[in-house]
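Below is one structure; the comments refer to it alone.
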Amino acid sequence: MITVMWKSSVGESGEAVLDVDEKWTFGRAGGVEDLTVAVDDPSVSRTALVIRDSGPGPVVFRGQIDNGAKVALVSLIGSTTWLEEGTAGNLTAEENRVEFSINGEVLLTVDVEFDDRGTVVQRQQSVEA
């Protein structure tokens with residue numbers, strides 16, 4: 001289980017607790033999928049960000065097309081890992097913030113809380129024991 005907390009540049013905020021098979025989504029309203037957080041901004045893709053509980057840490061998928069967008073995984077000490085269009089990255093205990101920006105303006109900040117659960121191999125070994 002993970003907890004996803006978000007805040008938009010216009011002051012909207014919220015929190016969602018996700019079980020294993022659930023996902024948190026952000027994008028432009030009007031698509032087929034119901035989004036957790038929807039915006040009415042033509043520069044934002046319909047499914048710009050998806051966060052799922054997976055592996056040793058949650059996975060962040062960037063579906064956002066370029067449009068001047070940047071998606072960053074930010075660590076507690078401020079270092080940044082950039083996600084390119086169509087790629088995904090794992091969050092860690094040290095790198096648990098996602099920032100979504102277009103043309104230098106941060107539109108959405110997402111913090112994800114989750115328990116440390118070890119690697120997939122470590123969890124498989126503990127089940128076998």
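The values are calculated or read from the model by the stated rules, or taken from the named source; none is laboratory data. The model shown is predicted, which means the values in this text are computed figures rather than measured ones. No Cβ is skipped: glycine too gets one built from the backbone with ideal geometry, and neighbour counts run over all protein chains shown. Surface areas here come from the heavy atoms of the whole protein model, side chains and all, with no ligands, DNA or RNA. Shrake-Rupley method; radii C 1.70, N 1.55, O 1.52, S 1.80 Å.
Go through segment 1-117 and tell me which strands (runs of 3 or more DSSP E), entirely inside it, have 2 or more residues that are in contact (Cβ under 8 Å) with a residue 24 or more places away in the chain.
2-8, 23-28, 37-39, 49-52, 59-62, 69-74, 88-90, 97-102, 105-114
Out of the residues in segment 20-43 that are β-branched (Val, Ile, Thr) and more than 10 Å from the chain's Cα centre (by Cα), state the one that is nearest to Ile65 (Cα to Cα).
The extreme case among them is Val39.
Being under 21 Å from Phe114 (Cβ atoms), of a type outside the set (A, V, I, L, M) and open to solvent by 20 Å² or more (accessible area, probe 1.4 Å) narrows it down to one residue among Asp21, Asp34, Asp41; which is it?
Asp21
Go through (1) closer than 30 Å to Gln125 by Cα; (2) open to solvent by 50 Å² or more (accessible area, probe 1.4 Å); (3) among the β-branched types (Val, Ile, Thr) one by one and return the number of the condition Val4 breaks.
Failing condition for Val4: (2).
Test of understanding: among Arg46, Arg123, Arg52, Arg117, which residue is at pLDDT below 95, surrounded by 15 or more Cβ atoms within 10 Å (Cβ to Cβ) and more than 13 Å from the chain's Cα centre (by Cα)?
The unique qualifying residue is Arg46.
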